[in-house]
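Quick notes on the structure that follows.
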Amino acid sequence: MKTYFKLELKKAIFSWRIMLSILIVLASLAIPFLEELRFPYPGLDGVDYYIRISHFSYIGYIGPVVTALIYSTSIIRDKDRGFINKLMEIVDLKTYYKVKLAVNSLVTFMVYAICHGIMIVWLIIMHGVKAPSAERLNSGAFTSLYDHSKILYIVVILLIVSLSSVAFSTLIFGIATATESKLAAYIVPVFYVILTGVFFSALSLNTVINFNIIYLFNLVIDNHTGYSVIIYDLVLAIIGVALLYKFGYKKTLKLYN
């Protein structure tokens, strides 16, 4: 299992999909910063700059869509190429699906952690970090952490955003595998963003429970509670794993038996 995991991880990391995803996510974070250079906002440190430009970034719309590009069609590609049949001679089916799920989670986490991390570190190097003040920007989720320590706050934001990307990518991975459709993998994220971010908001369906996926990829633009974000992530991940198990592993197991 370790050998197969290393090979699959290496193949995923050095794929054009990962490189393209990093470029797209990094660009969506950097463009608002470049615009900000034209009309700089005085007195902000690195953390506050990250918060400010996040309010003008399209990462909340682009982020969920990019998750489909990273690894969600991996199992479909293996089946189309007949690779899975050869692989079953080396590893068992349960190992195959465990490795696929683990690699999807790891590479997705890496893409978002690296991109947000680069942006955060660059802004902190350029503008430093000041002590929290009473006149702070709207810092969205985990505001209490911001008031206590900006460094702790930004580390938690980085971690939770990356985990949210993993949760949503797991859902899309499960849907793509269940439907055996690459098209579904690319259409569902767009539909989900429009449904939960536009229609649900217009119909006030996000009032009691906020289903807006945009906010999971941009935590500073809405006052989510930490618990609601984590619960939403868990629900998305559980649904994705259930789909992989029911319509991926169990269905394939019947074919080989």
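Could you check how many residues of region 62-81 are part of a helix (DSSP H, G or I), basic (Lys, Arg) and farther than 22 Å from VAL190 by Cα? Quick ask: steps written out before the conclusion?
Initially, region 62-81 is screened for residues part of a helix (DSSP H, G or I), giving 62-70, 74-80.
Filter again for basic (Lys, Arg), leaving 77, 79.
Adding the requirement that they be farther than 22 Å from VAL190 by Cα leaves 79.
Number satisfying all stated conditions: 1.
Can you tell me which of (1) more than 26 Å from THR179 (Cβ to Cβ); (2) buried (at least 21 other Cβ atoms within 10 Å of the Cβ); (3) more than 14 Å from the chain's Cα centre (by Cα) is the one GLY248 doesn't meet?
Evaluating GLY248 over (1) more than 26 Å from THR179 (Cβ to Cβ); (2) buried (at least 21 other Cβ atoms within 10 Å of the Cβ); (3) more than 14 Å from the chain's Cα centre (by Cα) leaves (1) as the failure.
What are the residues in region 176-191 that are in a helix (DSSP H, G or I) and either loosely packed, with under 15 Cβ neighbours inside 10 Å or not polar (S, T, N, Q) (or both), if any? Let's see the steps before the verdict.
Of region 176-191, the ones in a helix (DSSP H, G or I) are 176-179, 182-191.
Once the filter is applied, which keeps residues that are in a helix (DSSP H, G or I) and either loosely packed, with under 15 Cβ neighbours inside 10 Å or not polar (S, T, N, Q) (or both), region 176-191 yields ALA176, ALA178, LYS182, LEU183, ALA184, ALA185, TYR186, ILE187, VAL188, PRO189, VAL190, PHE191.
For LEU69, are the conditions met, namely being modelled with pLDDT under 95 and closer than 16 Å to LYS182 by Cα? Step through it out loud before you land on a result.
Working: modelled with pLDDT under 95: yes; closer than 16 Å to LYS182 by Cα: yes.
Answer is yes for this residue.
Being surrounded by fewer than 23 Cβ atoms within 10 Å (Cβ to Cβ) and over 17 Å from SER162 (Cβ atoms) is the filter here; which residues of region 62-74 pass it? Full working, then the answer.
We begin by selecting, within region 62-74, every residue surrounded by fewer than 23 Cβ atoms within 10 Å (Cβ to Cβ); these are 62, 65, 69, 74.
Of everything in region 62-74, just one residue is surrounded by fewer than 23 Cβ atoms within 10 Å (Cβ to Cβ) and over 17 Å from SER162 (Cβ atoms), namely SER74.
Can you name the residue in region 52-61 that is open to solvent by less than 60 Å² (accessible area, probe 1.4 Å) and either hydrophobic (A, V, I, L, M, F, W, C) or on the phi > 0 side of the Ramachandran plot (or both) and is also modelled with the lowest pLDDT among such residues? Give the steps one after another, and end with the answer.
First, the residues of region 52-61 that are open to solvent by less than 60 Å² (accessible area, probe 1.4 Å): 52-54, 57, 59-60.
When the remaining residues are screened for being either hydrophobic (A, V, I, L, M, F, W, C) or on the phi > 0 side of the Ramachandran plot (or both), the result is 53, 59.
Numbers: ILE53: 88, ILE59: 93.
My answer is ILE53.
The conditions are (1) aliphatic (A, V, I, L, M); (2) open to solvent by less than 40 Å² (accessible area, probe 1.4 Å); (3) more than 22 Å from SER57 (Cβ to Cβ), and ILE214 fails exactly one of them. Which is it?
Going through the list (1) aliphatic (A, V, I, L, M); (2) open to solvent by less than 40 Å² (accessible area, probe 1.4 Å); (3) more than 22 Å from SER57 (Cβ to Cβ), ILE214 breaks only (3).
Could you count how many residues in region 20-51 are out of contact with any helix residue (DSSP H, G or I) (no Cβ under 7 Å at 6 or more places or on another chain) and surrounded by 15 or more Cβ atoms within 10 Å (Cβ to Cβ)?
Number satisfying all stated conditions: 2.
Residue-wise test of (1) in a loop (DSSP other than H, G, I, E, B); (2) more than 14 Å from the chain's Cα centre (by Cα); (3) farther than 22 Å from GLY117 by Cβ; (4) of a type in the set (Val, Ile, Thr).
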site: VAL193; (1), (2), (3), (4): no, no, yes, yes
site: GLY197; (1), (2), (3), (4): no, yes, yes, no
site: SER201; (1), (2), (3), (4): no, yes, yes, no
site: PHE211; (1), (2), (3), (4): yes, yes, yes, no
site: VAL220; (1), (2), (3), (4): no, yes, no, yes
site: TYR227; (1), (2), (3), (4): no, yes, yes, no
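Name, by its number, the condition in (1) outside any loop (DSSP other than H, G, I, E, B); (2) touching a Lys or Arg at 6+ places or on another chain (Cβ under 8 Å); (3) over 16 Å from THR170 (Cβ atoms) that does not hold for LEU44.
So LEU44 meets the others, but not (1).
The values are calculated or read from the model by the stated rules, or taken from the named source; none is laboratory data. Please read these numbers as outputs of a predicted model, since none were measured by experiment. Glycine also receives a Cβ, built like all others from the backbone with ideal geometry; neighbour counts cover every protein chain displayed. With ligands, DNA and RNA removed, areas are computed over all heavy atoms of the protein, side chains included. Shrake-Rupley method; radii C 1.70, N 1.55, O 1.52, S 1.80 Å.
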